[in-house]
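> Sending over a structure as structure tokens; questions will come in a sec.
Every number here is computed from the coordinates shown, using simple stated rules; none is lab data. Source: prediction; values computed, not measured. Counting neighbours? That spans all protein chains shown, and the Cβs are built from the backbone with ideal geometry, glycine included.
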Amino acid sequence: MSDPTFLNDVPLEKAAAQIRAAGARENRLAVEAFFDEPTNTASYVIHDPATRQAAIVDSVLDFDAASGRTSTASADAIIAYVKAHGLTVDWLLESHAHADHLSAAPYIQRELGGKLAIGREIITVQNVFGKIFNFGTEFARDGSEFDRLFEDGDTFSVGSIPAMVLHVPGHTPADMAYVIGDVVFTGDTLFMPDFGTARADFPGGDARQLFHSIRRLLALPDETRLFLCHDYKAPGRDTYAWETTVGAERAENIHVRDGVDEAAFVEMRTTRDATLAMPKLILPSVQVNMRAGNLPEPEENGRRYLKLPLDTL
Ligand SMILES: [Fe+2]
């Protein structure tokens, strides 16, 4: 059962209506996934076939932690796809400040344009991790590195296709889900039904909030197409997958299918999170991604440096 308080939620009702209307249209949102195996991340290029206006969701800047070397092979594949299909990029959408990969949004923006957007609660993430990284006053912590800070229920469009933003905190305080046409980009909330849900133990994370955010997404129509941010395969499944539906998640999600209540979810999530190691790239990723994916300014020798706080996480 969905939490009844969310059924009266105005943004959610509007999102559900949008999904029903878009599902009946001939000209549906086109979705192309780009899966990055080193970080298990699915990035997306989406576009309106009628206008060829596009958005890019959660792009990846390749990063080898051992050598400290960045590269743009993954981003260049996205850029090549956009150019080959004659698309105009209106939006670079981040679902949250990722802890497992660096964002390529600034690099892609330089090549293709578009407005870089994230949830307004990124300011909370900037405050929490600004302290952890001991960034000085030159780090404004006001979200000003981004072009747009979305709030729950904000609307925008991809070409002629309407889009709405839902705030879905829990994994981090700033997670946003993007409802675009009849599709939802879930960010780090739900994973495939056989893998479950995102962890909620990073600074600012909250398992109870995550449960309510997920139940909010699962109150959308069953036929809603869900595109996920990550996949790790699953016991008995040896191929990557990143697309499912609200109906499939409600019926089968191993952590949060219909019938699992908040207390059981929080107990499961908290117990499981206590066994998980920190993501390999959390420290490089967060200090870059909370600044909209911009790398630190070079020092006087022309090199850029990342910080590594010891004994903190
Ligand atoms: Fe994440």
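> Which of the listed residues, V60, T172, V89, is farthest toward the dipole's positive end in the chain, when Lys, Arg count +1 and Asp, Glu count -1 at the beta-carbon?
Result: V89.
> Find out how many positive minus negative residues lie around G293, taking Lys and Arg as positive, Asp and Glu as negative, among other residues whose Cβ is under 9 Å from that of G293. Please list the in-between numbers first.
Values: positive: R291; negative: E94, E145.
Local net charge: -1.
> Order by neighbour count: I214, I132, fewest other Cβ atoms within 10 Å first, most last. Provide the component values of the computation, followed by the final result.
Numbers: I214 25, I132 16.
Sorted ascending by nearby Cβ count, the order is I132, I214.
> Kirkwood hydrodynamic radius of segment 189-313 from all distinct Cα pairs, in Å?
Details: mean 1/r = 0.0600 Å⁻¹.
In segment 189-313 this quantity evaluates to 16.7 Å.
> Oh, and also: Identify, among P11, T70, I122, the residue whose Cα sits farthest towards the positive end of the charge dipole of the chain, taking +1 on the Cβ of Lys and Arg and -1 on the Cβ of Asp and Glu, with the dipole about the Cα centre.
Selected residue: T70.
> Would you calculate the convex hull of the Cα atoms in segment 44-129 and tell me its volume per residue in Å³? Numbers along the way, then the final one.
On the way: hull volume 8.3 nm³, N = 86.
Convex hull volume per residue, Cα atoms: 96 Å³.
> Averaged over every viewing direction, what's the projected area of the C-alpha convex hull for segment 96-191? Give it in nm², one decimal, please. Mind dumping the intermediate values first?
Working: hull surface 27.9 nm².
That works out to 7.0 nm², a quarter of the Cα hull's surface.
> Sticking with this structure for a sec: In angstroms, what radius of gyration and Dmax does segment 4-285 have, counting Cα atoms only?
17.9, 52
> Relative to the Cα centre, what is the charge dipole magnitude of the chain, using +1 at the beta carbon of each Lys and Arg, -1 at the beta carbon of each Asp and Glu, and rounding to the nearest 20 debye?
Details: 29 positive and 46 negative charges, 57 e Å.
That gives a dipole near 280 debye.
> Sort I56, I282 by Cβ crowding within 10 Å, fewest neighbours at the top. Before the final figure, lay out the partial values.
Working: I56 30, I282 16.
Listing I56, I282 from fewest to most nearby Cβ atoms yields I282, I56.
> Given 0.36 nm per residue, what is the gain on full extension from S144 to R52 after removing their alpha carbon distance, in nm?
Working: separation 92, 0.36 × 92 = 33.12 nm, distance 2.88 nm.
Residue separation times 0.36 nm, minus the Cα-Cα distance, leaves 30.2 nm.
> Continuing with this model, one more query. Using label points projected 7 Å from each Cα along Cα→Cβ, tell me how many nm separate D273 and R20, to one decimal.
3.5
> Cα centroids of segment 113-154 and segment 257-280: how far apart, whole angstrom?
Comparing the Cα centres of segment 113-154 and segment 257-280, I get a distance of 27 Å.
> Taking each full run of DSSP H in the chain as one helix, which ones are at least 18 Å long along their axis (Cα atoms) and have mean Kyte-Doolittle hydropathy of at least 0.0?
10-24
> Sticking with this structure for a sec: Give the range of the longest stretch in the chain that excludes all trypsin sites (Lys or Arg not before Pro) found in loop regions by DSSP and having at most 16 other beta-carbon atoms within 10 Å. Mind dumping the intermediate values first?
On the way: sites that count: R25, R28, R52, K233, R257, K280, R303, R304, K307.
Maximal segment without exposed cleavage sites: 53-232.
> Packing-wise, with mean Cβ within 10 Å as the measure, how do 184-195, 152-163 rank, highest first? Provide the component values of the computation, followed by the final result.
Details: 184-195: 25.2, 152-163: 18.9.
Sorting 184-195, 152-163 by mean packing, highest first, produces 184-195, 152-163.
> Please provide three numbers in whole Å: the alpha-carbon extents of segment 163-232 along the principal axes, with the largest listed first.
33, 25, 17
> Still on this structure, please answer the following. Whole angstrom only: what separates the Cα centroid of segment 219-249 from the Cα centroid of segment 67-112?
Each part's Cα centre sits 23 Å from the other's.
> How high is the FRET efficiency between D261 and N301 when r is their beta carbon distance and R₀ equals 45 Å, given to the nearest 0.05? All intermediate terms of the calculation are to be shown ahead of the outcome.
Working: r = 57 Å, r/R0 = 1.26.
With a Förster radius of 45 Å, E is 0.20.
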